[in-house]
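As structure tokens, the structure follows; a few thoughts come after it.
The values are calculated or read from the model by the stated rules, or taken from the named source; none is laboratory data. Just so it is clear, the model here is predicted, and its values are computed rather than measured. Please note: Cβ atoms are built from the backbone with ideal geometry, for glycine as well, and neighbour counts cover all protein chains shown.
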Amino acid sequence: MCCGYLDIAVCFYINAVSFVAGIISYLKMRSDELKAFEPPEAKLSLQGKRLFPDIFQEFKEGIKYIFTEPKIYTLIVFVAITSLFGFPYITFLPVYARDILKTGAAGLGILMGSAGAGAFTGAIGLALKEDFKRKGVLFAAAGITFPVALLLFSYSETPWFSSLMLFLVGWSAISQMATANSMLQITAPDRLRGRVMSAFTLMFLGMATVGNFIVGSIAQRIGTQNAVAAGAVLCLCGVVLLLWKKPEVLKIS
């Protein structure tokens, strides 16, 4: 939105300033207030045993745990599907603003701002709830809302309706990812939590880049709107299939 009224450089300066809040938060953290977790097997030994962990062995142990624990596996696959087929929509927003909605740079800012407002609302809502029961139900509801709202957005040619759908997309995306993050950390044991969260981060951030390539390639053949819609449908089918095959996710609290 700023780019429509201000110089591009000014927008980058504003974005840079937005990081100050995070930096201040980190500076306020004190090392003596943080209790570090050190697994017993990782402690240094004075009796001649190895001083460093076997990275490959620990990697295999983490992968084995993820694939043998249904709840963990389902949550990570859930996130991977959404990231792979759903998140590439962000790349196509400039195309929607310029060619489909014809709203220009200011319209692009409104679209991205709508998604951001939805994400902010979802994050604040989760923060205010603190610890709550039936996290699995919220996770599933957000997982279904995301592709449905994205599908409706994909064919919309009305700016206000597109913004409304992106608000729901942003809300459901952050609700799904933040809840999954919480459930994974609660479910995983202390000694494996870092490896589980590494897999979550890989699926969350890594699959989106792969999805950009896939959906972008499809868009060249069938058009932007059809490609985004196809991604939304695949995302919805994957989510519904996972919930049908692994209903135990709904019982996570």
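Identify the single condition in (1) surrounded by fewer than 17 Cβ atoms within 10 Å (Cβ to Cβ); (2) over 13 Å from the mean Cα position of the chain (by Cα); (3) closer than 22 Å to A208 by Cβ that K133 does not satisfy, given that it satisfies every other one.
Of the numbered conditions (1) surrounded by fewer than 17 Cβ atoms within 10 Å (Cβ to Cβ); (2) over 13 Å from the mean Cα position of the chain (by Cα); (3) closer than 22 Å to A208 by Cβ, the odd one out for K133 is (3).
I'm told S182 meets every condition in (1) in contact with a Ser or Thr (Cβ under 9 Å, 6 or more places away or on another chain); (2) at pLDDT below 90 except one. Can you identify the failing condition by its number?
For S182, the exception is condition (1).
Would you point out the residue of the range 151-174, among those that are outside any helix (DSSP H, G or I) and polar (S, T, N, Q), that is surrounded by the fewest Cβ atoms within 10 Å (Cβ to Cβ)?
T158
Are any residues in the range 185-230 small (G, A, S), surrounded by 17 or more Cβ atoms within 10 Å (Cβ to Cβ) and more than 19 Å from A97 (Cα to Cα), and if so, which ones?
Result: A188, A199, A208, G211, A230.
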